[in-house]
1. Step by step: first the residues of the stretch 555-593, then only those that are among the small types (G, A, S) and over 18 Å from V449 (Cβ atoms), then the one that is most open to solvent (accessible area, probe 1.4 Å). Which residue is that?
2. Is the stretch 429-436 home to any residue that is open to solvent by less than 70 Å² (accessible area, probe 1.4 Å), over 24 Å from A361 (Cβ atoms) and either modelled with pLDDT of 85 or more or touching a helix residue (DSSP H, G or I) at 6+ places or on another chain (Cβ under 9 Å) (or both)?
3. Please identify the pairs in which a residue from the stretch 108-137 that is in contact (Cβ under 8 Å) with a residue 12 or more places away in the chain and over 29 Å from A55 (Cβ atoms) has its Cβ atom under 8 Å from the Cβ atom of a residue that is outside any helix (DSSP H, G or I) and open to solvent by 70 Å² or more (accessible area, probe 1.4 Å), counting only partners at least 6 apart or on another chain.
4. Take the conditions acidic (D, E), within 19 Å of S134 (Cβ to Cβ) and under 33 Å from the mean Cα position of the chain (by Cα) and apply them to D421. Does it pass?
5. What helices (runs of 4 or more DSSP H) lie completely within the stretch 126-176 and have 1 or more residues being touching an Asp or Glu at 6+ places or on another chain (Cβ under 9 Å)?
6. With the requirement that a residue be open to solvent by less than 50 Å² (accessible area, probe 1.4 Å), part of a helix (DSSP H, G or I) and of a type in the set (D, E, K, R), what does the stretch 443-495 give you?
7. For the stretch 403-422, check the following and say yes or no: at least one residue is touching a Pro at 6+ places or on another chain (Cβ under 7 Å), touching a residue at least 60 places away in the same chain (Cβ under 8 Å) and of a type in the set (V, I, T).
8. Looking only at residues in the stretch 412-424 that are outside any strand (DSSP E or B) and open to solvent by 30 Å² or more (accessible area, probe 1.4 Å), which one is nearest to L530 (Cα to Cα)?
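The values are calculated or read from the model by the stated rules, or taken from the named source; none is laboratory data. This structure is a prediction, so every number in the text was calculated from the model and none was measured. Note that each Cβ is placed from the backbone with ideal geometry, even for glycine, and that neighbours are counted across all protein chains shown. Please note that ligands, DNA and RNA were not included when accessible areas were found on the heavy atoms of the full protein model with its side chains. Shrake-Rupley method; radii C 1.70, N 1.55, O 1.52, S 1.80 Å.
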Amino acid sequence: MNSSTLRAAAATPAAADGADAPPPARRVRSLSGLLPFLRPYRGRIALALAFLLLAAATTLVFPLALKSLIDEGLVKADPGEQLLALRGHFLALFGVGAALGVFSAARFYMVSWIGERVTADLRNAVYRHVVQQSPEFFETTQTGEVLSRLTTDTTLVQTVVGSSLSMGLRNAVMGAGALVMLVVTNPWVMTQVLGILVLVVLPSLYFGRRVRKLSRASQDRVADSSAIAAEVLNAIPVVQSYTQEPREAARFDAATESAFDTARRRTRVRALLVGFMITATFGALLWGLYQGTQAVMAGRITAGHLGQTVVFVIILVGSVAVLSEVYGDLLRAAGATERLMELLAARSPVADPAQPQPLPAVQRGSAVRLAGVTFHYPSRPQHAALADFDFDVRPGETVALVGPSGAGKSTVLQLLLRFYDAQRGTVAIDGVPVQRVALAELRRRIGIVPQDSVIFSADAMENIRYGRPDAGDDEVVAAAKAAFAHDFVTALPDGYRTFLGERGVRLSGGQRQRISIARAILKNPPLLLLDEATSALDAESERMVQAALEAAMADRTTIVIAHRLATVQRADRIVVMDGGRIVDTGTHAELVERGGLYARLAAMQFGLEHGAG
């Protein structure tokens with residue numbers, strides 16, 4: 001389990017009670033964060049609102065048509081006239097129903113389109129923003145947490161924008177219209193009813209706040225379980241080799257149960273909110289209906305008037321019931337929107353300069369210079385990974401960095417790629433400080449072959465082409481041949497079109513490494529970084545990969561990190577590091593002759609290898 005997971009796990013109990021609001025630094029609140037995503041579709045939103053208003057108005061016309069049917073169609077003395085009147089009124093009612101169907105269908109299509117489009121835009125924006133964050137972001141944010149927000153939270157937003165919000169607006173219009181008509185037609189009775197309804201709203205506000213807090217907490221707990229699943233599924237071989245399946249299943253069960261418990265509390269409060277609003281509203285309106293029946297019996301209103309009032313009451317009660325449901329959905333979506341906006345509000349400390357400076361053209365590799373560099377990782381501010389570090393590499397030179405774990409070797413590569421910025425000193429490539437160069441231009445100049453080769457869920461051709469997406473098939477094959485990957489790739493079932501599986505599970509470690517080297521060769525950068533590229537390979541695979549690396553290193557500047565000293569003996573210069581500082585520099589023979597840290601490392605390694613042989 002990595003350190004970020006431990007930090008997240010340690011933070012979980014504090015948030016599990018569901019009552020804590022987001023930290024003060026997180027200013028994004030409610031659904032207002034969706035406005036920038038809704039704004040480009042103002043025309044469609046206006047059209048959807050027009051259809052919504054027409055559908056609501058058509059619904060409100062129905063009670064008026066029903067009143068006319070009762071008061072006019074049923075009071076004709078002559079049977080023939082009565083039949084004609086009834087036909088006319090029923091045709092009018094059918095016309096109202098047909099119009100309602102057309103307007104409702106148009107509203108449904110427009111609103112659903114807006115919901116799908118806005119959700120897709122939101123998901124794309126969040127993902128695009130996250131992939132641009134520096135590694136510092138992922139030191140404190142779990143991948144599973146991000147995936148949960150991209151899937152679960154955006155689905156909640158889609159439900160609201162594409163359905164619930166429209167239903168809420170339509171029922172708000174219908175409910176308000178029905179209430180206005182009831183007040184107009186029965187002013188005295190409805191004045192009493194409105195007074196009762198005010199008493200209904202006040203407790204609903206309290207319940208609403210509780211639902212919102214619990215909604216946010218519920219989504220956080222779901223994200224916790226997603227983070228656990230993502231971590232474990234990416235480490236299945238380790239989990240199974242240590243027979244930790246029951247433990248990991250129990251850990252996931254605990255996270256799921258925590259999510260269920262929070263969701264249960266949210267649902268209980270929401271159920272109380274819905275039940276209270278419907279019961280109180282229905283009771284208030286029944287009082288109004290009772291007064292209406294007394295008025296009919298006293299002859300103050302007609303039977304049609306009462307029928308109209310009944311339908312308006314049904315519309316109003318139904319609208320309140322739907323609004324109470326929609327209110328809960330809106331509260332859940334508000335929590336989801338907050339979480340998504342927090343991701344969008346995250347700002348990477350590594351960003352493009354306001355006025356980027358271009359890198360000069362180079363003929364034979366790039367020049368590298370680190371001058372007086374001191375750097376602390378954000379997660380370890382008390383420990384200097386590099387301290388007053390000075391390092392120069394000439395164009396076309398191959399320099400090896402060796403030293404014990406934690407000496408700062410990989411940190412040098414991280415600073416050159418500008419995954420982090422040094423707190424003090426200068427990191428420059430070809431005479432230009434990296435902070436002054438656009439990130440894309442800087443990283444186009446650098447190729448890297450990491451210790452753990454990354455293979456994407458694609459075929460061999462596309463995995464190599466990842467180094468230069470515009471490369472032709474012939475260029476990909478040439479790069480594979482240079483990396484000694486062509487023979488094993490052509491031996492695959494479908495050759496270069498063979499799907500390599502998630503993380504390259506269908507390849508051996510050496511084959512994955514040669515695919516990674518072919519990718520770097522295809523990119524053809526003037527600066528190549530090799531980070532423990534052969535450390536996990538057997539002897540035969542190492543020989544093949546070493547030959548591929550020598551091909552990749554030709555005519556370019558290369559910085560090599562290796563624990564196996566046999567792989568760096570032919571470097572132009574070996575830099576020995578310890579504790580974030582350079583302690584010695586020279587060729588293999590010079591360093592062995594001088595003694596010191598490198599000589600001790602060499603004696604240990606070559607002695608062990610000789611003894612094992």
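1. This residue is A589.
2. The answer is no, given that none of the residues of the stretch 429-436 is open to solvent by less than 70 Å² (accessible area, probe 1.4 Å), over 24 Å from A361 (Cβ atoms) and either modelled with pLDDT of 85 or more or touching a helix residue (DSSP H, G or I) at 6+ places or on another chain (Cβ under 9 Å) (or both).
3. Cβ pairs passing all conditions: S134/P349; E136/P349.
4. Yes; evaluated as a whole, the condition is true for this residue.
5. 143-148, 154-159
6. R465
7. no
8. Looking at the filtered set, the residue picked out is Q414.
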